[in-house]
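Report on one structure; see the data block that follows.
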Amino acid sequence: MEVIVIGGGASGLIAAGMASARGYRVTVVERNPRMARKVMITGKGRCNVTNAATVQDCVENTPGNGKFLYSAFSAFSPQDTMAFFEEQGVPLKTERGNRVYPVSDKAVDIVDALVSFAKKQGCRFKQGRVTRLMIEDGVCCGVALDNGETLSAYAVIVCTGGCSYPGTGSTGDGYTLAEQAGHTVIEPRPSLVGLSIADEWCADLQGLSLKNCALAVKDTQNGKTVYTDFGEMLFTHYGISGPIVLSASAHLHGAVNGRYCLSLDMKPALTLEQVDARLVREFEQAPNTCVGNTLAALLPRSMVPVMLQLSGVAGETKCHSVSKAQRGAIAALLKNIPMTVAGLRPFEEAVVTAGGVSTREIKASTMESKLVSGLYFAGEVIDVDAYTGGFNLQIAFSTGYVAGNNV
């Protein structure tokens, strides 16, 4: 019996190999001449292949419908992923944050292993673009290609990816196919992406990298803090980026412009009272020094003009002349520099896509459609998305494994 896998990425190659290993004749239809182009650029070309975490950790690091993936993560865990690639001849190493990479630091080794696995299991490969699912009496029985060709099948697995990095072929085709089958598609949006900031002063800090800072995101529609984290971030020409910013982007929904306010804490290890006491001490030790020069001991120098601008304190003001109210304004800013999100950066810059085929219409234990028999989904096309650190590739491997093993 024939199985068609649409998409030769991480989830598609695992799904194809697993289905073929069970005796099905499997054809992978991939629109690009080379497989797994997006895997080639993950981890800046090093490929953060998974995270050496527990199943529960994987669920908790998947803000986009993580609980739906509990069965998939349990069926094919990060430890299973690591064992799989080791068996394919790719030695791995674990780095900071339990991020797992090939020892070679070359993503091509992971891609070659995936393609080799599928080929060894007997999968066939066909270049083409699927434009339509063939559905009869509630059963998916094949696909139609853009060249007019049709391929009959016992089952079809959609592994087309999302919309992020469209240059790799992820242009949202899977959403169109899902809608043809009657599925609900949650509006796709960029995730793990930089944030455009409305405040003009952000551009003045372009290139500044911060470590050991804290970021909080507040939804002004309901007043709730939707995300907090501690770590590194970067100011850019459009706003902010960096690890904690990318993770924050996963929690921004709906019309983003003006809805979300950020709070940047430059001294997360200190209370407001402790920060104020530190300022008192610094000002008393150098009473005749300009406040701008004193603040340079507490902040990156490029941030000093911004802090003075926001606090309304002139940089040439002598420390002994700074009023209690002015000192309080500076202390408050050190603990809470406010920013307003103007928008998410585009799909071209996003690591993953949030949104996709509704998880309510997919069987978590098999990845089969609840609406159409013989139709399966795996990977980023589903409405699931995780933080950085190898979790998104693990989603691809786990869902691909489940779909291929249950077809």
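Scanning region 1-27 for residues that are among the hydrophobic types (A, V, I, L, M, F, W, C), farther than 10 Å from ALA118 by Cα, over 26 Å from the mean Cα position of the chain (by Cα) and not in a loop (DSSP other than H, G, I, E, B) returns VAL3, ILE4. Might you let me know whether region 323-343 holds any residue that is modelled with pLDDT of 95 or more, closer than 30 Å to GLU95 by Cα and in contact with a strand residue (DSSP E or B) (Cβ under 7 Å, 6 or more places away or on another chain)? No.
The residues of region 230-263 that are under 23 Å from ASN65 (Cα atoms) and either out of contact with any strand residue (DSSP E or B) (no Cβ under 6 Å at 6 or more places or on another chain) or among the polar types (S, T, N, Q) (or both), listed by number, are LEU246, SER247, SER249, HIS253, GLY254, ALA255, ARG259.
Here region 121-141 is the region considered, the condition is being in contact (Cβ under 8 Å) with a residue 40 or more places away in the chain and not in a strand (DSSP E or B), and the residue that is surrounded by the most Cβ atoms within 10 Å (Cβ to Cβ) is CYS123. Taken across region 207-220, residues that are without any contact (Cβ under 8 Å) to a residue 40 or more places away in the chain, in a strand (DSSP E or B) and out of contact with any Phe, Trp or Tyr (no Cβ under 6 Å at 6 or more places or on another chain) do occur, with at least one present.
Going by the structure shown, is ALA144 among the aliphatic types (A, V, I, L, M) and either free of Cβ contacts under 8 Å to residues at least 40 places away in the same chain or not assigned by TED's automatic domain parsing to the domain that holds THR171 (or both)? Considered against the rule, which asks whether it is among the aliphatic types (A, V, I, L, M) and either free of Cβ contacts under 8 Å to residues at least 40 places away in the same chain or not assigned by TED's automatic domain parsing to the domain that holds THR171 (or both), ALA144 comes out as yes.
Counting only residues that are surrounded by 14 or more Cβ atoms within 10 Å (Cβ to Cβ), not in a helix (DSSP H, G or I) and not β-branched (Val, Ile, Thr), region 274-295 holds 2 of them. Screening THR225, THR168 for residues that are surrounded by fewer than 20 Cβ atoms within 10 Å (Cβ to Cβ), under 19 Å from the mean Cα position of the chain (by Cα) and either modelled with pLDDT under 95 or outside the structural domain of GLY7 (by TED's automatic domain parsing) (or both) leaves exactly one candidate, THR168.
The set of residues from region 252-273 being among the aliphatic types (A, V, I, L, M), at pLDDT 95 or above, in a loop (DSSP other than H, G, I, E, B) and surrounded by fewer than 16 Cβ atoms within 10 Å (Cβ to Cβ) comprises just one member, ALA269.
Give region 332-358 a look and list any residue that's of a type in the set (Val, Ile, Thr) and over 23 Å from GLY169 (Cα atoms), or say none.
ILE337, THR340, VAL341
Whenever a residue of region 150-163 is in a loop (DSSP other than H, G, I, E, B), its partners that are surrounded by fewer than 24 Cβ atoms within 10 Å (Cβ to Cβ) and of a type in the set (Phe, Trp, Tyr), lying with C-beta atoms within less than 7 angstrom and at least six residues away or across chains, give the pairs CYS163/PHE347. Output yes when any residue across region 345-362 is among the hydroxyl-bearing types (Ser, Thr, Tyr), touching a strand residue (DSSP E or B) at 6+ places or on another chain (Cβ under 9 Å) and farther than 30 Å from SER191 by Cβ, and no when none is. Taking every residue of region 345-362 in turn, none turns out to be among the hydroxyl-bearing types (Ser, Thr, Tyr), touching a strand residue (DSSP E or B) at 6+ places or on another chain (Cβ under 9 Å) and farther than 30 Å from SER191 by Cβ. Can you tell me how many residues within region 23-78 are touching an Asp or Glu at 6+ places or on another chain (Cβ under 6 Å) and closer than 27 Å to LYS93 by Cα? Total satisfying the criteria: 1. Listed by first and then second residue, the pairs linking a residue in region 324-348 that is in contact (Cβ under 8 Å) with a residue 24 or more places away in the chain and part of a strand (DSSP E or B) to a residue that is of a type in the set (Val, Ile, Thr) and crowded, with 18+ Cβ neighbours inside 10 Å, with Cβ atoms under 7 Å apart and 6 or more places separating them unless they lie on different chains, are MET339/ILE197; THR340/ILE197; VAL341/ILE197; ALA342/ILE197; LEU344/VAL193.
If I filter region 86-94 for residues that are under 28 Å from THR150 (Cβ atoms) and in a helix (DSSP H, G or I), do I get at least one hit? No, because not a single residue in region 86-94 is under 28 Å from THR150 (Cβ atoms) and in a helix (DSSP H, G or I).
The residues on offer are ALA72, ALA118, ALA153, and the sole one that is among the aliphatic types (A, V, I, L, M), in contact with a helix residue (DSSP H, G or I) (Cβ under 7 Å, 6 or more places away or on another chain) and farther than 20 Å from TYR387 by Cβ is ALA118.
Being surrounded by fewer than 20 Cβ atoms within 10 Å (Cβ to Cβ), in a loop (DSSP other than H, G, I, E, B) and touching a residue at least 40 places away in the same chain (Cβ under 8 Å): is that true of ASN32 here? Steps first, answer last, please.
Numbers: surrounded by fewer than 20 Cβ atoms within 10 Å (Cβ to Cβ): yes; in a loop (DSSP other than H, G, I, E, B): yes; touching a residue at least 40 places away in the same chain (Cβ under 8 Å): yes.
When the stated conditions are applied, ASN32 passes them.
The values are calculated or read from the model by the stated rules, or taken from the named source; none is laboratory data. In this text the structure is predicted, and so the values were computed from the model without any measurement. Every residue, glycine among them, receives a Cβ derived from its backbone with ideal geometry; neighbour counts consider all protein chains shown.
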